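Note sheet for the following structure.
The values are calculated or read from the model by the stated rules, or taken from the named source; none is laboratory data. These figures come from a predicted structure and were not determined experimentally. Ideal geometry is used to build each Cβ from the backbone, glycine not excepted, and the neighbour counts take in all protein chains shown. Side chains are part of the model used for accessible areas, which takes the heavy atoms of the whole protein and leaves out ligands, DNA and RNA. Shrake-Rupley method; radii C 1.70, N 1.55, O 1.52, S 1.80 Å.
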Amino acid sequence: MTEVPPRIIVLTAPSAAGKTTIARRVLEAFPGMAFSVSVTTRPPRPGEQDGRDYHFVSREAFERMRAAGELLEYEEVYPGLFYGTPRSAVEAAARTHPVLLDIDVKGALNVKQLFGDRALALFIAPPSLDTLEERLRRRGTETEASLRARLDRAREEMAYRDRFDAVIVNDDLERAVAEAIEQVGAFLHSTASS
Ligand code: 5GP
């Protein structure tokens, strides 16, 4: 396949705003698109697979990669838990295919700065912080303290929404999926021959 300038789609959302489902549906809608598998020091959750969901690494291995410049961007997303985007995988895939990244707000803005018009940064917002709290409580995976921490973080992240190329409010999952697919389609079309 011929080499084209990179095209990067970055999806970001405060905790539990439906981002994982939207990412999966966008990947299904654009069959050539590659997904960037991040490196993380967080332990795997039940059902997660190394190399598919994340590359699960030790703190030492993460630090070695960071020091060697192997990460395109990285963040300490939660205290003591590091996440990063492997540079070589993204650069290799982006030579032939658009690449989708599912990363946090600051990581997304860093990638946008690196790639400029070659990146589309989408922010998936919950209808409100109250709805987010309800969703997190229903999911039942959080203690009261971790729920508070996630809500505080979501509040902070919401403050960055205006810096994104588009904000998609996830009040209805199907509608939000359709809007994300439309945004990505328009971006791929507008950057196809440039
Ligand atoms: P989780 O632990 O729930 O899988 O992810 C926590 C957060 O880390 C999510 O917002 C996710 O998008 C973000 N994240 C995952 N991979 C990366 C990455 O490579 N870089 C950055 N900056 N954030 C990431």
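Annotations for the structure displayed:
- Of all the criteria given as (1) away from the ligand (no atom under 12 Å from the Cβ); (2) touching a residue at least 24 places away in the same chain (Cβ under 8 Å), the one not satisfied by Glu73 is (1).
- Selected residue [within 15 Å of the ligand (Cβ to nearest atom) and more than 15 Å from the chain's Cα centre (by Cα)] from Ala93, Ala121: Ala93
- Glu63 vs. criteria over 26 Å from Ala192 (Cα atoms) and either outside any loop (DSSP other than H, G, I, E, B) or open to solvent by less than 40 Å² (accessible area, probe 1.4 Å) (or both): yes
- Matching residues in the stretch 25-50 - criterion: being within 14 Å of the ligand (Cβ to nearest atom) and loosely packed, with under 14 Cβ neighbours inside 10 Å: Pro43, Pro44, Arg45, Pro46, Gly47, Glu48, Gln49, Asp50
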